[in-house]
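J.: Got a structure here, written out as structure tokens. Questions coming.
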Amino acid sequence: PASKLPNLGTTIFTKMSKMAQDYNAINLSQGFPDFSPDNHLLELAYKAMTSNKNQYAPLAGLPSLRETLCAKLKKAYNSSYNPENEITITAGATQALFTAISAFIKKDDEVIVFKPAYDCYEPAIELYGGKPVLIQMKAPEYKIDWKEVTEKVTEKTKMIIINTPHNPSGTILKKDDLQQLEKITRNTNILVLSDEVYEHIIFDNEAHQSVARFPELQKRSLITYSFGKTFHVTGWKLGYCVAPKELMKEFQKVHQYNVFCVNHPMQFALNEYLQKENNYLNLPEFYQHKRDYFLSLIKDSRFSFTPSKGTYFQTASYKNITDKQDTDFAIELIKEKQLATIPVSVFNKNQQDDKMLRFCFAKKEETLKKAAEIINSI
Ligand code: PMP
Ligand code: GLN
């Protein structure tokens, strides 16, 4: 049959994690922690499952969890979302992003995507007949050129997708960037889809610049978050999307038929946990410590890097080591050095190769130490 996505293969994360397993490599490729979540959270999950919370949740998610999350957003970004009709609990941020794109993107709509970009945006746009308009950010700063954005906006521009803290580059958007976005979208119908899954993983005392902090932007934005990143439970596949009610209404029209509702007992557990614990507030320190530890171990290696400002990823250039294409070099490192990473070109426009690899540092110190020994031997 004719493929709707003829140019698409298997995701890089599947490929690299599978190879890491096959070659018994240390896996710093796909982003996930190799340590356990808080025991208290696991106990609450068990309690939810043994106290009869095992049937369908309401379509939008557990009401008490929606209330807790809206209060959390109010406190963090001073933005008001109504738990009744402005939030939906989703199967990770992935489903939130897919649902947001599918609810709004029609044939020939243009969607501005900044490259390198996380890999799930463009396939969703293309599946609905939209056209990704790609803007490359340049290594190593990966700053958005807002002049270029202004030039690329047309009457067909339906949506702009941003991601801060940014995967894979580890850069963050500053207040000034959000103000530029606000200016460009003023008096237009352009929607903003803001992927903020790493909102709590941000370093060097920087504040996360959520679009929710900017009232004009907030009105035209859907924002996605992920419990996986914040509570070390990527395998639970739970997240949420917030948006003003007219946008959320369209979002839920799709959500009700592509999943209806998501994992009920885990929503109970997360709500109770959030009410009792606020240890996610320590995440900047927790992950900054891991970043600094990892970078201190590899500072004399032949890789060069600018410290990541957010996310649990560090990119590093290997241009002093070899001219090889990054995809080939990443495969060679798995096979010959038992170290798995992600080649950054897979996220770039036209697979542009900047000779950069992405390393995930959401790992135990012993894992980072073993990985660093390999990195130092390259
Ligand atoms: N957006 C970005 C930028 C991500 O890095 C990820 C996780 N890899 C997601 C979305 C998806 O999040 P989830 O695992 O909650 O679906
Ligand atoms: N977000 C994770 C990463 O960037 C991967 C999630 C996935 O495997 N799709 O590594």
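The values are calculated or read from the model by the stated rules, or taken from the named source; none is laboratory data. Only a predicted model underlies this, so the values are computations on that prediction, with no experimental measurement involved. Backbone-built Cβ (ideal geometry, glycine too); neighbour counts: all protein chains shown.
J.: Yes or no: residue 172 part of a loop (DSSP other than H, G, I, E, B) and within 16 Å of ligand 1 (Cβ to nearest atom)? Spell out how you get there, then give the answer.
T.: Values: part of a loop (DSSP other than H, G, I, E, B): yes; within 16 Å of ligand 1 (Cβ to nearest atom): yes.
Yes, satisfied.
J.: Just one of (1) within 15 Å of residue 339 (Cβ to Cβ); (2) in contact (Cβ under 8 Å) with a residue 24 or more places away in the chain; (3) acidic (Asp, Glu) trips up residue 38, so point out which.
T.: The failed condition is (1).
J.: Could you count how many residues in the stretch 281-291 are in contact (Cβ under 8 Å) with a residue 12 or more places away in the chain and either within 14 Å of residue 362 (Cβ to Cβ) or crowded, with 19+ Cβ neighbours inside 10 Å (or both)?
T.: 6
J.: Further question on the same structure: Condition first: more than 16 Å from ligand 2 (Cβ to nearest atom) and either outside any helix (DSSP H, G or I) or free of Cβ contacts under 8 Å to residues at least 40 places away in the same chain (or both). Can you find one or more residues in the stretch 262-269 that meet it?
T.: Of the stretch 262-269, the ones more than 16 Å from ligand 2 (Cβ to nearest atom) are 262-269.
Right, trim to either outside any helix (DSSP H, G or I) or free of Cβ contacts under 8 Å to residues at least 40 places away in the same chain (or both) and you get 262-263.
Yes.
J.: For the stretch 308-367, give me the residue count where each residue is in a loop (DSSP other than H, G, I, E, B) and either in contact with a strand residue (DSSP E or B) (Cβ under 8 Å, 6 or more places away or on another chain) or surrounded by fewer than 20 Cβ atoms within 10 Å (Cβ to Cβ) (or both).
T.: Counting residues in the stretch 308-367 that are in a loop (DSSP other than H, G, I, E, B) and either in contact with a strand residue (DSSP E or B) (Cβ under 8 Å, 6 or more places away or on another chain) or surrounded by fewer than 20 Cβ atoms within 10 Å (Cβ to Cβ) (or both) gives 20.
J.: Looking at 311, 224, which is the one that is among the hydroxyl-bearing types (Ser, Thr, Tyr), at pLDDT 95 or above and outside the structural domain of residue 105 (by TED's automatic domain parsing)?
T.: Values: 224 fails: outside the structural domain of residue 105 (by TED's automatic domain parsing).
Exactly one residue qualifies, and that residue is 311.
J.: Just to verify a result, which residue in the stretch 329-349, among those that are under 21 Å from the mean Cα position of the chain (by Cα) and over 19 Å from residue 304 (Cα atoms), is nearest to ligand 2 (Cβ to nearest atom)?
T.: 347
J.: Now for a separate question. Scan (1) out of contact with any strand residue (DSSP E or B) (no Cβ under 9 Å at 6 or more places or on another chain); (2) among the basic types (Lys, Arg); (3) over 27 Å from residue 137 (Cα atoms) for the single condition residue 302 breaks and write down its number.
T.: Here residue 302 meets the rest and fails (3).
J.: Related question: Would you pick out the residues in the stretch 15-71 that are among the small types (Gly, Ala, Ser), touching a helix residue (DSSP H, G or I) at 6+ places or on another chain (Cβ under 7 Å) and not in a helix (DSSP H, G or I)?
T.: Within the stretch 15-71, 25, 29, 57, 60, 61 meet the criteria.
J.: Output the residues belonging to the stretch 9-26 that are in contact (Cβ under 8 Å) with a residue 40 or more places away in the chain, more than 12 Å from residue 331 (Cα to Cα) and within 14 Å of ligand 2 (Cβ to nearest atom). I'd like the intermediate steps shown before the answer.
T.: So in the stretch 9-26, the residues in contact (Cβ under 8 Å) with a residue 40 or more places away in the chain come out as 11-13, 16-17, 19-20, 23-26.
After this cut, where a residue has to be more than 12 Å from residue 331 (Cα to Cα) as well, the list is 11, 13, 24, 26.
Once the filter is applied, which keeps residues that are in contact (Cβ under 8 Å) with a residue 40 or more places away in the chain, more than 12 Å from residue 331 (Cα to Cα) and within 14 Å of ligand 2 (Cβ to nearest atom), the stretch 9-26 yields 11, 13.
J.: Would you call residue 107 surrounded by fewer than 20 Cβ atoms within 10 Å (Cβ to Cβ), at pLDDT 95 or above, farther than 17 Å from residue 344 by Cα and away from ligand 2 (no atom under 16 Å from the Cβ)? Even if it seems obvious, please write down each step before you answer.
T.: Working: surrounded by fewer than 20 Cβ atoms within 10 Å (Cβ to Cβ): yes; at pLDDT 95 or above: yes; farther than 17 Å from residue 344 by Cα: yes; away from ligand 2 (no atom under 16 Å from the Cβ): yes.
In short, yes.
J.: Can I ask one more? If a residue has to be on the phi < 0 side of the Ramachandran plot and exposed (fewer than 13 other Cβ atoms within 10 Å of the Cβ) to count, how many in the stretch 2-56 make the cut?
T.: Within the stretch 2-56, residues that are on the phi < 0 side of the Ramachandran plot and exposed (fewer than 13 other Cβ atoms within 10 Å of the Cβ) number 20.
J.: Inspect all residues belonging to the stretch 230-248 and state whether any of them is under 26 Å from residue 215 (Cβ atoms), within 16 Å of ligand 2 (Cβ to nearest atom) and surrounded by fewer than 20 Cβ atoms within 10 Å (Cβ to Cβ).
T.: yes
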